[in-house]
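Take a look at the structure below.
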Amino acid sequence: MFSFRLQWGDILRHGLVLSAGFTAVVLLSYWIEPLVWANDFPPEVQDALGPIPPSARWFGVVVFVSILSMLFGVPYRLGRKLRKQGGEASSFASVFIHALLVLMLLNVWDLLVVDIFIFGVLKPDFMMIVEAKEWLVENVTTAFHVQAFFIGVPILVAIALAASACAATAPGQTAALLR
C-alpha cells in the first residue's frame with residue numbers, strides 16, 4: 001500500500017531529543033512549582049490542595065506551551081527534513097508515519113522512564129506534593145500510568161497529523177498532500 005522505507009535513525013534521534021527535552025521540562029517544572037500538575041489529580045485531591053496560586057497557573061501555561069511546542073516542533077522538523085530529501089520519503093504518508101513514531105517513542109519513554117521509573121520507583125521528594133502524597137501512594141499505580149499512555153495515543157495522532165500537514169504545506173510544498 002505504502003512504498004517508503006522508515007528512516008529508523010531519524011526516528012530514534014528525533015524521538016530521543018524530544019524525550020530528553022520533555023523529561024527536562026517535566027522535572028524542572030516539578031522542581032520549580034509542583035502545583036503546576038495539580039489539575040492531573042482527582043477533585044478530592046484538588047480540594048485538599050486548596051486554590052492554586054496565580055503564579056503556579058501562569059507557570060503552568062509556560063510549561064504547557066513548552067511541551068506543546070516540542071510535541072509539534074520536533075515532528076515538524078523531521079517532516080521538513082524528509083520533504084527536502086524528496087522521493088518516497090517525502091510523501092504525506094511517510095512524513096505522518098515518521099512523525100507518529102517519534103511521538104509514540106516519547107509516549108513509551110514517558111510511560112517507562114518518567115512515570116514508572118522516576119515517578120514510581122525513584123519518587124524524588126520534589127515531585128511529591130505533600131497534600132497529595134497519600135493519594136499518590138495509594139492510587140498512582142502502573143495501571144494508572146498505562147491508562148494515561150493509551151489516553152495520549154489519539155492526542156499524539158492528532159499532533160502528528162497537524163505537524164505532517166504543516167510540513168507538507170510549508171512554502172513550496174503544497175503538492176505534498178496529494179502524494
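The values are calculated or read from the model by the stated rules, or taken from the named source; none is laboratory data. Quick caveat, the model's predicted, so the values are computed rather than measured. Note that we place each Cβ from the backbone using ideal geometry, even for glycine, and neighbour counts take in every protein chain shown. Only protein heavy atoms, including side chains, enter the accessible area calculation; ligands, DNA and RNA are left aside. Shrake-Rupley method; radii C 1.70, N 1.55, O 1.52, S 1.80 Å.
I'm trying to understand the selection: among the residues of region 70-110, which are small (Gly, Ala, Ser) and over 15 Å from residue 19 (Cβ atoms)?
If the condition is that a residue be small (Gly, Ala, Ser) and over 15 Å from residue 19 (Cβ atoms), then 79, 86, 87, 89, 90, 91, 93, 94 are the ones that fit.
One residue stands out in region 139-169 among those that are in a helix (DSSP H, G or I) and polar (S, T, N, Q): the one that is farthest from residue 95 (Cα to Cα), namely 139.
Scanning region 12-50 for residues that are of a type in the set (D, E, K, R) and closer than 17 Å to residue 130 by Cα yields 33, 40, 44, 47.
A search for C-beta distances below 6 Å between a residue of region 124-136 that is at negative phi and any residue that is of a type in the set (Ser, Thr, Tyr) and part of a helix (DSSP H, G or I), counting only pairs 6+ apart in sequence or on different chains, returns 126/30; 127/30. Residues of region 61-90 that are open to solvent by 20 Å² or more (accessible area, probe 1.4 Å) and of a type in the set (Gly, Ala, Ser): 66, 69, 73, 86, 87. Scanning region 1-36 for residues that are surrounded by 19 or more Cβ atoms within 10 Å (Cβ to Cβ), in a helix (DSSP H, G or I) and not small (Gly, Ala, Ser) gives 11, 14, 18, 22, 26, 30, 35, 36. For region 100-109, a tally of residues being open to solvent by 30 Å² or more (accessible area, probe 1.4 Å) and out of contact with any Ser or Thr (no Cβ under 6 Å at 6 or more places or on another chain) returns 5. Taking residues in region 66-77 that are farther than 10 Å from residue 106 by Cβ, and partners anywhere that are crowded, with 22+ Cβ neighbours inside 10 Å, the pairs with Cβ atoms closer than 7 Å and at least 6 places apart or on different chains are 72/163; 76/163; 76/167. With respect to the conditions (1) in a helix (DSSP H, G or I); (2) at pLDDT below 95; (3) open to solvent by 50 Å² or more (accessible area, probe 1.4 Å), residue 136 falls short on a single one, namely (3).
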